[in-house]
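A.B. asks: Can you keep this structure in mind? I'll have questions shortly.
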Amino acid sequence: MKLWLFILKRIIYAIITLIGLTFMVFALLHVGGNNLLLATYLNPRLTGPAREEMIKELVQRFHLNDPIYVQYFYWLKALLSGNLGYTNTPIYSGPVTTAIVLFLPNTVMLTIVAAILIWIIGIPLGVYSAVKRDSIGDHTIRVITFTLYAMPIYLIAVILILIFGIYLKILPYSFPVNPILAASLPWYKNGISYPTHIVPLDALIHGNLIVFWSALRHAILPSLTLALAIVAGVIRLLRAQMLEVLEQDYVRLARAKGVPEKVVINLHARRNALIPVVTSYGYTVAGLLGGAVVVESIFNYPGIGYWTTQALLNDDVGGIMAATLIFGVVFVMASLILDIVYAILDPRIRY
Amino acid sequence: MERYSEFRYSLKIFFSNPTAVAGFIIFMLYVIDALIVQFDPRLLGISNPNVLQMNFVNPIPQPPSPKHPLGTTYPGIDLLHAIEAAIRFDLYYSIIVVLSGAALGAVLGIISGYVGGLLDDVIMRITDIFFAIPYLVLAIAIGFVLGRTYESMVIGLVIVWWPLYARYARAQTLSIKRMPFIDAAKISGVRDLKIMFKHILPNVLPPIFVQISLDLGSIMVIFSVLAFIGLIPNASIPELGYLTSLGLSYIESAPWAVIFPGLAITLFALAVNLMGDGLRDVIDPRRRSS
């Protein structure tokens, strides 16, 4: 199969997946959700004929009398013109698109920091664990990764809060920036900073180094929690791959002809061992987003996950649909890109 | 006779692996706890295993003491009893999720792999769609329609979990399909349905069984996460994630209230993972030798 044909096929599959996913959630929400939708938009103080009139108008506006698949097409049409509906949660009410613009940047920042931490922590430990197989260091790493792997993400957060926030008292564990500091800032309103909505970045833009430092410290524990929840899997996979690669003939040959051990490990072995790790990295990104939901609500960090939880808990139809779309798009895009990268790296996959 | 000795050999391999045995013992302790709570909760001093025993006279979390070996959490709940009751609850729901997911996935995977062609394509596309659903979003959508209860969360988790088993079963079926004994069965006129469920299913089951034991921990963790973020509003049910969330606002003064319920889940997930690794060594001869 030609490469472009393979990519085209993958893209079509990805679109089908996204449509299927959103349609299913849409159908589920709207089977039970019509009354809820009305309740969101209906003024409870309205009575009598005015109320009837309002209901009629809303039914017409949201096409509630049409079959679900027709309603879905209206939603899809609105989506393509950039209109995702309205959200009404305690932390934000207004157009969904604005909510995404306000909350997504924080999550992106946390996820990027966590992804970097995963590389920094995961790769040296995974390589070390394989090279020094069955040493005390290897056993310690294996016990810790196995435990982390089994832990619910909120327990990791709680343990980090206990160690760094409560006993050592060196790191803050709530809000994106010290609230006392933030109270006097003109560019920080209702827990959201302007203009980029990423607090450390905004602090730099406004040249306020004290706030920058505070915001940076507030971001450490949430991103560390995310990283620790994922890194265990990376270390385990890398260790297994390294052990396999180190046994292979070309590594033996390199050693036999006298290549220094450091070069053998870092150049010959590690590169090949990393391929499967990289391919599983895409699913890791999707995992980070799921973890963000829990982490952001524990640390009161106003990201997309925090907003999603609020939408979920408040039966907010618009918010839930948008969250489904975002999570679905990230997951599907991640696996699409990986499939393509993998197909370029390894032509056998295409068949 | 030969089958019997093969089974004994497998048991020997499993029990010669100390970590797998440790995992198995811990898993059995959880099962025994669940059974005791189910049939005779008074043995553990629990009067009603379905409801948390609250004490509003003294609601502030108390540190561990002889009267409350693991301390108490808000509002005045004895943690030891609550955790014992919650284990039954979580174990019960995790097992239901994993078994129904595995059954659904195995059947669809075998059909998809065996029949092949267009049907295979369609089933696999559907699997992809379900695979892409974040469990959190689906759990809430289901909770929306059926009400936010543990039962509807179970349905939500089964819906996101079966695709994994379908993929395993399909891959396994594809490799078994090419074996001579299947051809022999076809030539001697055995019906497709019988081939699928009498000849292929038994060969698909072992790897699925391993996956079940590995997933049991993940499901319990996910279940507790759903309860932890407050998706299930009914307040007085003993559930490990909910117990953890009760202690969260007292984390500064009463760390035990969050640590102990969390550890109960971690220990279980750890145990079933170790057990699953041991089982995988038994069914996979390549891993056995190393």
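A.B. asks: So if I take the centroid of the Cα atoms in region B:1-49 and the same for region B:264-280, what is the distance between those two points in Å?
C.D. replies: Computed from Cα coordinates, the inter-centre distance equals 12 Å.
A.B. asks: Evaluate the distance, in nm, between pseudo-label points positioned 7 Å from the Cα of A:W4 and of A:R255 along their respective Cα→Cβ axes.
C.D. replies: 4.7 nm
A.B. asks: While we're looking at this one, here's another question. For A:L243 paired with A:N314, estimate the spin-label separation in nm (one decimal), with each label point 7 Å from Cα along the Cα-to-Cβ line.
C.D. replies: Between A:L243 and A:N314, the simple spin-label model gives 5.0 nm.
A.B. asks: With only alpha-carbon pairs counted, each pair once and no self-pairs, how large is the Kirkwood hydrodynamic radius of region A:185-297 in angstroms?
C.D. replies: About 17.5 Å, per the Kirkwood formula over Cα pairs.
A.B. asks: Could you tell me how many degrees, from 0 to 90 and to the nearest 10, lie between the Cα long axis of helix B:2-15 and the main elongation axis, the longest principal axis, of the Cα atoms of chain B?
C.D. replies: 40 degrees
A.B. asks: Which ordering of B:V210, A:V70, A:V199 is given by a fewest-first count of other beta-carbon atoms within 10 Å? Each step should come with its number before you reach the end.
C.D. replies: Details: B:V210 21, A:V70 11, A:V199 30.
Exposure proxy ranking, most exposed first: A:V70, B:V210, A:V199.
A.B. asks: Moving to a separate point now. Provide, in order from the shortest bin, the percent of all Cα-Cα pairs of region B:1-129 in each 10 Å bin, continuing until the bin that contains the maximum pair distance.
C.D. replies: In order of increasing distance, the bins hold 11, 22, 23, 21, 15, 8, 1 percent.
A.B. asks: Separate question: Under 8 Å for C-alpha pairs, at least 6 residues apart: give me the relative contact order for region A:162-256, rounded to a whole percent.
C.D. replies: Relative contact order comes out at 25 percent.
A.B. asks: So, R0 is 41 Å and r is the distance between the beta-carbons of A:L181 and B:F15; what FRET efficiency does that work out to, to 0.05?
C.D. replies: Values: r = 60 Å, r/R0 = 1.46.
It comes out at approximately 0.10.
A.B. asks: With the calculation restricted to Cα positions, what are the radius of gyration and Dmax of region A:1-149 in angstrom?
C.D. replies: Taking only Cα atoms of region A:1-149, I get Rg and Dmax of 24.8, 80 Å.
A.B. asks: Here's something else I'd like to know. Given a cut-off of 13 Å, what percent of all Cα-Cα pairs of region A:136-196 lie beyond it?
C.D. replies: Tail fraction, whole percent: 73.
A.B. asks: Measure nothing fancy, just the Cα-based angle from helix B:18-39's long axis to the longest principal axis of chain B, in degrees from 0 to 90, nearest 10.
C.D. replies: 60 degrees
A.B. asks: Can you figure out the FRET efficiency of A:L209 with A:I16, using R₀ = 45 Å and their beta-carbon distance, to the nearest 0.05?
C.D. replies: Working: r = 50 Å, r/R0 = 1.11.
E(calc), rounded to 0.05, equals 0.35.
A.B. asks: Once you keep just the Cα pairs under 8 angstrom separated by 6 or more residues, what percentage relative contact order results for chain A? Could the numbers behind the result be given before it?
C.D. replies: On the way: 365 pairs, mean separation 93.7, N = 351.
Result for chain A is 27 percent.
A.B. asks: Less than 28 Å apart at the alpha-carbon level, and either on another chain or at least 8 residues along: which lysines does that give for B:K12?
C.D. replies: The reachable lysines, counting only those whose Cα sits under 28 Å from B:K12, are B:K198.
A.B. asks: Rounded to the nearest 500 deg cm²/dmol, what is the calculated helix-only ellipticity per residue at 222 nm for the protein assembly as shown, with -39500 (n - 2.57) per DSSP H run of length n ≥ 4?
C.D. replies: -24500 deg cm²/dmol
A.B. asks: Next question. How well do other chains shield peptide B:259-265, expressed as the mean number of their Cβ atoms within 10 Å of each residue Cβ?
C.D. replies: 3
A.B. asks: Moving on. Counting only C-alpha contacts under 8 Å and six or more residues apart, can you give the relative contact order of region B:1-80 as a whole percent?
C.D. replies: 16 percent
A.B. asks: Does anyone have the angle between helix A:209-246 and the longest principal axis of chain A? Alpha-carbon axes, 0 to 90°, nearest 10?
C.D. replies: 50 degrees
A.B. asks: How big is the Cα convex hull of the protein assembly as shown in projection, averaged over all directions, in nm²?
C.D. replies: Values: hull surface 148.2 nm².
Spelled out: convex hull of the Cα atoms, projected over all directions, averaged, 37.0 nm².
A.B. asks: Please list the equivalent ellipsoid semi-axes of chain B, computed as the square roots of five times the alpha-carbon gyration tensor eigenvalues, in descending order and whole angstrom.
C.D. replies: Over the Cα atoms of chain B, the ellipsoid semi-axes are 41, 24, 14 Å.
A.B. asks: Still on this structure, I have one more. Ranked by Cβ crowding within 10 angstrom, fewest neighbours first, how are B:W162, B:W256, A:W119 ordered?
C.D. replies: Going from least to most buried by this count: A:W119, B:W256, B:W162.
A.B. asks: Between region A:141-193 and region A:216-294, how many Å separate their Cα centres?
C.D. replies: 26 Å
A.B. asks: Quantify how strongly other chains surround peptide B:124-133 by giving the mean number of their Cβ atoms within 10 Å of each of its Cβ atoms.
C.D. replies: Per-residue shielding by partner chains comes out at 6.
A.B. asks: Let me ask something additional. What average number of partner chain Cβ atoms lie no more than 10 Å from the Cβ of the residues making up A:19-28? The partial results should precede the final answer.
C.D. replies: Working: counts 1, 7, 9, 1, 1, 6, 8, 1, 2, 10.
Rounded to a whole number, the mean comes out at 5.
A.B. asks: Next question. What distance in nm separates the two pseudo spin-label positions at A:A27 and A:L168, each 7 Å out from Cα along the beta-carbon direction?
C.D. replies: So the two model labels end up 5.1 nm from each other.
A.B. asks: Taking the number of other C-beta atoms within 10 Å as the exposure measure, put B:T244, A:T196 in order starting with the fewest. It would help to have the intermediate numbers written out before the result.
C.D. replies: Working: B:T244 28, A:T196 14.
Placing the least packed residue first, the sequence is A:T196, B:T244.
A.B. asks: Long-range amide H contacts for A:T87: which residues qualify at under 5 Å (H placed 1.01 Å from N, peptide plane, sequence gap of 5 or more or a different chain)?
C.D. replies: Those qualifying (amide H under 5 Å, at least 5 residues apart or on another chain) are A:G94, A:V96.
A.B. asks: What is the magnitude of the charge dipole of chain A about its Cα centre, with +1 placed on the Cβ of each Lys and Arg, -1 on the Cβ of each Asp and Glu, and no other charges, expressed in debye to the nearest 20?
C.D. replies: 960 debye
A.B. asks: Still on this structure, please answer the following. Can you list, bin by bin at 20 Å, the percent of alpha carbon pairs in chain A, starting at 0?
C.D. replies: In order of increasing distance, the bins hold 24, 48, 25, 3, 0 percent.
A.B. asks: OK, next. Please give every one of the lysines within straight-line cross-link reach of A:K262, meaning a C-alpha to C-alpha distance under 30 Å, and leave out same-chain neighbours fewer than 8 residues apart.
C.D. replies: Once the sequence-local lysines are set aside, what remains near A:K262 is A:K132.
We did not get these values from a lab; they are worked out from the coordinates using the rules stated. Note that the structure is a prediction, hence the values are computed from the model and not measured. Because the Cβ atoms are built from the backbone with ideal geometry, glycine has one as well, and the counts that use them run over all protein chains shown.
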